[in-house]
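Taking it in order: structure first as structure tokens, then the write-up.
The values are calculated or read from the model by the stated rules, or taken from the named source; none is laboratory data. Because the structure is a prediction, the values reported are computed rather than measured. Here the Cβ is made from the backbone with ideal geometry for all residues, glycine too, and neighbour counts use every protein chain on show.
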Amino acid sequence: MPVSDKTAEGMRQSSWIRRMFEAGGELRKRLGAENVFDLSLGNPEDEPPPEFRQELAYQAQNPRAGMHRYMANAGYEATRDAVAGAISSELGLSFQGSDVIMTCGAAAGLNVILKALLNIGDEVIVPSPYFPEYLSYIDNHGGVARLVDSGDDFLPDPDKIKHAITKKTRALILNTPNNPTGVVYDSILLKKLADVLEESSQRFGQTIYIISDEPYRRLIYDDQKFSSPLNHYHQSIMATSFSKDLSLPGERIGYIAVNPDIEEKSELLAGFVYANRILGFVNAPALMQNVVTNLQNVTVSVAEYQRRRDYLYEGLIEAGYEAVKPQGAFYLFPKTPAEDDAAFVQHLMEYGVLGVPGSGFGRKGYMRLSFCVNQATLEGAVKGLGKAIRGWR
Ligand SMILES: Cc1ncc(COP(=O)(O)O)c(C=O)c1O
């Protein structure tokens, strides 16, 4: 094996999403692409809003000297100022441009934060079900993930989290709106979680940070108001991106923002800038930083995602599935009719539908279905899901 034992092991256990991607390729060959309804990916099918192309064209037609050079590792000042202005009005906190570091998407942001915070063996609490890449990101930087099961409502349980905290706990990762469940955490829950961390930080004499992963922050339904963990806990750091709300996942553009009131701010920011550099990201893509500077108040159609959420949710309930109705993001996480979620997802493929077993997100007996696909795919999927539950013994 040319690769290290650890890499080989990681590849062997490679995520369910990847496996479903490969299974999807085979299924398309077998059934024909038009008979496959792929709800396995969080890769939005919708194009970015028209303002994105206008801004891209503007940047191409108005070149400036040095616009493709290296820059300060934290990113362009104008972009950081624009982001700070937008999140200040969105969250009601006073961010400065210097509180923001531009990153290669949320994934890079999370790696930068973990790289800067973790000593070998430090623990990071992850409520389960979870976005599976967290486990790799934590491991990348010598950390240990402590999984804490959420209830049937998929909301993190403050009491269980309190009991999982040890003197080695360095951070809690929160992800609202959530992938894979679509649940949104309300202010009351966030306040309770903040109280637990406050008290535990005091007890152990060391700060426990909240790392708030918020790429779905703007995809929120039913006129709900988003509440960020940053609104409730000052020792908090946000990682996010434009991957989902501008439909730009391939462009790798996002940012870290520290809570304006975070303690030892300049040391933390310097640590993040250093980690961004030495992890090899160097800086977020220059062209994309320029493009998003003027798109801070532009998003994909949230109403359209809500319509698709309703269509898939109603289709599932009518067919006899049990599911929590998602309030944000673009995933549904219904129960599979059997505890063996992998077997049911396999069975579903016979009807042309691709989902991902809940086991891949730390919750057996469920499956994740993405609705960031077009209407025809959703219609085919709802039909297949109906037939699959009826055909399941
Ligand atoms: C919860 C969550 N965090 C982080 C990411 C990574 O986002 P990005 O593509 O911006 O790196 C994703 C992508 O699907 C996600 O679902």
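Here is a check on your reading of the model: is ILE262 of a type in the set (Val, Ile, Thr) and surrounded by fewer than 18 Cβ atoms within 10 Å (Cβ to Cβ)?
no
Can you tell me how many residues in region 102-127 are outside any helix (DSSP H, G or I) and under 10 Å from ALA239 (Cβ atoms)?
Counting residues in region 102-127 that are outside any helix (DSSP H, G or I) and under 10 Å from ALA239 (Cβ atoms) gives 1.
For LEU189, are the conditions met, namely being of a type in the set (A, V, I, L, M, F, W, C), more than 16 Å from the ligand (Cβ to nearest atom) and not in a loop (DSSP other than H, G, I, E, B)? I'd like the intermediate steps shown before the answer.
Working: of a type in the set (A, V, I, L, M, F, W, C): yes; more than 16 Å from the ligand (Cβ to nearest atom): yes; not in a loop (DSSP other than H, G, I, E, B): yes.
Against the criterion (of a type in the set (A, V, I, L, M, F, W, C), more than 16 Å from the ligand (Cβ to nearest atom) and not in a loop (DSSP other than H, G, I, E, B)), LEU189 qualifies.
What number of residues in region 94-119 are of a type outside the set (Ser, Thr, Tyr), out of contact with any strand residue (DSSP E or B) (no Cβ under 9 Å at 6 or more places or on another chain) and more than 16 Å from the ligand (Cβ to nearest atom)?
If we filter region 94-119 for residues that are of a type outside the set (Ser, Thr, Tyr), which is where we start, we get 95-97, 99-102, 104-119.
Cutting the leftovers down to out of contact with any strand residue (DSSP E or B) (no Cβ under 9 Å at 6 or more places or on another chain) gives us 96-97, 115-116.
From the residues that got through so far, the ones that are more than 16 Å from the ligand (Cβ to nearest atom) too are 96-97, 116.
Total meeting the criteria: 3.
Residues in region 55-69: is at least one basic (Lys, Arg), free of Cβ contacts under 8 Å to residues at least 12 places away in the same chain and either out of contact with any Leu (no Cβ under 8 Å at 6 or more places or on another chain) or more than 21 Å from PRO132 (Cβ to Cβ) (or both)?
Yes, there is a match, as at least one residue in region 55-69 is basic (Lys, Arg), free of Cβ contacts under 8 Å to residues at least 12 places away in the same chain and either out of contact with any Leu (no Cβ under 8 Å at 6 or more places or on another chain) or more than 21 Å from PRO132 (Cβ to Cβ) (or both).
Just the residues that are surrounded by 16 or more Cβ atoms within 10 Å (Cβ to Cβ) and outside any helix (DSSP H, G or I), please, taken from region 23-42.
Listed by number, the residues that qualify are VAL36, PHE37, ASP38, LEU39, SER40, LEU41, GLY42.
Of all the residues that make up region 135-147, how many are over 16 Å from LYS6 (Cα atoms) and buried (at least 21 other Cβ atoms within 10 Å of the Cβ)?
As a first pass, look at region 135-147 and keep what is over 16 Å from LYS6 (Cα atoms): 145-147.
Checking which are buried (at least 21 other Cβ atoms within 10 Å of the Cβ) leaves us with none.
Within region 135-147, residues that are over 16 Å from LYS6 (Cα atoms) and buried (at least 21 other Cβ atoms within 10 Å of the Cβ) number 0.
Mind listing just one residue for me: the one in region 220-254 that is within 11 Å of the ligand (Cβ to nearest atom) and either part of a helix (DSSP H, G or I) or hydrophobic (A, V, I, L, M, F, W, C) (or both) and, of those, surrounded by the fewest Cβ atoms within 10 Å (Cβ to Cβ)?
If we take residues in region 220-254 being within 11 Å of the ligand (Cβ to nearest atom) and either part of a helix (DSSP H, G or I) or hydrophobic (A, V, I, L, M, F, W, C) (or both), then GLY250 is surrounded by the fewest Cβ atoms within 10 Å (Cβ to Cβ).
Look through VAL324, VAL282 and report the one residue that is at pLDDT 95 or above, surrounded by fewer than 19 Cβ atoms within 10 Å (Cβ to Cβ), β-branched (Val, Ile, Thr) and within 19 Å of the chain's Cα centre (by Cα).
Values: VAL282 fails: within 19 Å of the chain's Cα centre (by Cα).
Sole residue among the options that is at pLDDT 95 or above, surrounded by fewer than 19 Cβ atoms within 10 Å (Cβ to Cβ), β-branched (Val, Ile, Thr) and within 19 Å of the chain's Cα centre (by Cα): VAL324.
How about region 92-133: which of its residues are hydroxyl-bearing (Ser, Thr, Tyr) and surrounded by fewer than 21 Cβ atoms within 10 Å (Cβ to Cβ)?
Listed by number, the residues that qualify are SER94, SER98, SER128.
Which one of these does TYR311 not meet: (1) under 29 Å from ASN140 (Cβ atoms); (2) more than 14 Å from the ligand (Cβ to nearest atom)?
(1)
Return the pair list, or none, for Cβ contacts closer than 7 Å from residues in region 188-216 that are free of Cβ contacts under 8 Å to residues at least 60 places away in the same chain to residues that are surrounded by fewer than 24 Cβ atoms within 10 Å (Cβ to Cβ) and basic (Lys, Arg), at least 6 apart or on different chains.
From region 188-216, the pairs are VAL196/LYS162; SER200/LYS162; PHE204/LYS167; ILE208/ARG170.
Is there any pair linking a residue in region 374-386 that is over 20 Å from THR336 (Cα atoms) to one that is part of a helix (DSSP H, G or I), with Cβ under 8 Å and at least six apart or on different chains, and which?
The qualifying pairs are GLN375/ARG308; GLN375/TYR311.
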